Amino acid sequence: FTVSLLGRIEAWIAYDFPADFQGSKKARGFRGQRQAWFAFRFEGEDAEVDLQAHLPPEFETWRWADIAEAPDLVVPFKRDAYLQVIAAFAGFAGTR
């Protein structure tokens with residue numbers, strides 16, 4: 001499928017794992033994550049999205065959603081990071 005780059009966030013966005021987090025990254029000694037974020041426009045067809053293209057799959061399902069829904073769809077410790085992403089990319093958000 002085809003995408004076009006709309007923009008990126010210049011600064012890294014970071015979050016820490018909570019003390020009780022039991023994920024594999026924390027088990028390997030990571031304290032959290034620092035991420036670079038990019039906004040792309042998807043120019044393909046929905047049928048082209050293949051979550052099984054790379055194994056093991058990271059996600060079980062996907063759907064289109066309003067950008068404002070994102071913070072409520074992630075684990076609480078990532079919420080602030082998603083709010084930063086939404087603020088940076090809100091101008092690109094539209095209806096599909």
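Looking at segment 50-96, which GluC sites (Glu not before Pro) are in a loop (DSSP not H, G, I, E or B) and have at most 15 other Cβ atoms within 10 Å?
Values: sites: Glu58, Glu60, Glu69; in loops: Glu58, Glu60.
Sites meeting the loop and neighbour criteria: Glu58, Glu60.
Could you check the simple spin-label distance between Val3 and Arg79, using points 7 Å along Cα→Cβ, in nm with one decimal?
2.7 nm
Using just the Cα positions, wrap the chain in a convex hull and report its mean projected area in square nanometres, one decimal place.
On the way: hull surface 29.2 nm².
It is 7.3 nm².
Modelling each spin label as a point 7 Å along the Cα-to-Cβ direction, I'd like the Gln35/Phe59 distance in nm, to one decimal.
Each label point lies 7 Å from its Cα, and together they span 1.1 nm.
Out of the total accessible area of the chain (probe 1.4 Å, heavy atoms of protein only), what percent is carbon and sulfur?
Working: 4080 of 7640 Å².
The C+S portion of the solvent-accessible surface of the chain is 53 percent.
How do Phe42, Phe30 stack up against each other in accessible area, from largest to smallest, with a 1.4 angstrom probe? Walk me through the numbers on the way to the answer.
On the way: Phe42 35, Phe30 105 Å².
The ordering from most to least exposed comes out as Phe30, Phe42.
To the nearest 10 degrees, how steeply does helix 79-89 sit against the main Cα axis of the chain, on a 0 to 90 scale?
It is inclined by approximately 30 degrees.
Taking the Cα centre of the chain as origin, work out the dipole magnitude from +1 charges on Lys and Arg Cβ and -1 charges on Asp and Glu Cβ, in debye rounded to 20.
On the way: 11 positive and 14 negative charges, 108 e Å.
The dipole magnitude comes to about 520 debye.
Give me the net charge for the shell around Gln84: Cβ to Cβ below 14 angstrom, other residues only, Lys and Arg +1, Asp and Glu -1.
Numbers: positive: Arg8, Arg34, Lys78, Arg79; negative: Glu10, Asp80.
So the surrounding residues net to +2.
With the dipole of the chain worked out from charges on the C-beta (+1 for Lys and Arg, -1 for Asp and Glu) around the Cα centre, which of Trp64, Gln84, Val3 lies farthest toward the positive end?
Gln84
The values are calculated or read from the model by the stated rules, or taken from the named source; none is laboratory data. Quantities reported herein were computed from a predicted structural model and do not represent experimental measurements. Don't worry about glycine lacking a Cβ; one is built from the backbone with ideal geometry, like all the others, and counts go over all protein chains shown. Ligands, DNA and RNA are excluded from the accessible area calculation, which covers all protein heavy atoms including side chains. Shrake-Rupley method; radii C 1.70, N 1.55, O 1.52, S 1.80 Å.
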